[in-house]
Every structure is written in structure tokens, then in C-alpha cells.
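Structure, as C-alpha cells:
The values are calculated or read from the model by the stated rules, or taken from the named source; none is laboratory data. What you are looking at is a predicted structure, and each value in this text was computed from that prediction instead of being measured. Every residue, glycine among them, receives a Cβ derived from its backbone with ideal geometry; neighbour counts consider all protein chains shown. All accessible areas refer to the heavy atoms of the entire protein, side chains included, with ligands and DNA or RNA removed. Shrake-Rupley method; radii C 1.70, N 1.55, O 1.52, S 1.80 Å.
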Amino acid sequence: MTLDTRVLDRLEPQVPGRVNQALKKVSFDWVRVARASMGAGVSSPGDPPGVDTGALKNSLDAESIGPMTWRLHDGKKYGAPLEYGTAKMAARPWFEPALRQVAESLPDELKAAVRGG
């Protein structure tokens, strides 16, 4: 998933450091929310994946890879197939729902920037 940051790039000089701090907070909030969404046991299609070994849940991470650039990722090959489903398995979304939830915590001016307003 990629976010167009042109508006954020224009906003950063007006509030130095605030954009990156907000993105950092949202990134680590995503890790927390995504982990919390994963329940114990088997999940139903459309729900976040269940936790069997905890490997996916424990592999979630956020890291700064440049100015105002954060990478959200999991360390398992099966994270994306769970998120989007496969020909043999219905999706069990966890990445995007967690990201949508934490995006609401952005400061108002950043929400407006993300929405293009």
C-alpha cells in the first residue's frame, strides 16, 4: 500500500517534524491494532486471521526508512495471502482494516492533507 505524500510534503515545512511524528505514531499504532485484531483459534472468512503459533502476529513491525517514510510489514510469506485471499481461501483482512482504524487518530490538518483538502 502506498500513500501519495505530495500534500504532506507541502505541510511539513509549516509544522516541522509534526508530520513525521504523526506518521510514526500511526505506524506503531497500526502494529498494536493489527496484533489486537488477531484472535485465538480459527477465524471465519472476512475476519482477521486467528492465532495458532503467533508467528504472524509477532512478526508485525513498523520502521522508518526515510524522511516521512514508514514501512509497515510482516515477516511471514502468508501475511498477504491472508489479507487478500487466494483461489482456495477467502480473505481474512488484517492489514488494511487496522490501518484505516489508526488513520482516524491523525491530527486534523494531516487528515485533511491525506484526504486532499
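Within the stretch 53-90, the set of residues being of a type in the set (Asp, Glu) and touching a strand residue (DSSP E or B) at 6+ places or on another chain (Cβ under 9 Å) comprises Asp61, Glu63, Asp74.
Out of Asp47, Asp52, one residue alone is crowded, with 17+ Cβ neighbours inside 10 Å, at pLDDT below 95 and farther than 30 Å from Asp9 by Cα. It is Asp47.
Say we look at the stretch 32-44 and pick out the residues that are of a type outside the set (Ser, Thr, Tyr) and within 18 Å of Tyr78 (Cβ to Cβ); which of these is surrounded by the fewest Cβ atoms within 10 Å (Cβ to Cβ)? Step by step, filter the stretch 32-44, then rank; the result is Gly41. Only one of (1) open to solvent by 30 Å² or more (accessible area, probe 1.4 Å); (2) at pLDDT below 95; (3) within 15 Å of Ala98 (Cα to Cα) fails for Val26. Which number is that? All conditions are met except number (1). In this structure, Gly75 does not qualify as modelled with pLDDT of 90 or more and closer than 18 Å to Asp47 by Cα. Cβ-Cβ contacts under 7 Å between residues 6 or more apart (or on different chains), taken from a first residue in the stretch 16-45 that is free of Cβ contacts under 8 Å to residues at least 12 places away in the same chain to a second residue that is not small (Gly, Ala, Ser), are listed as Ala40/Val51.
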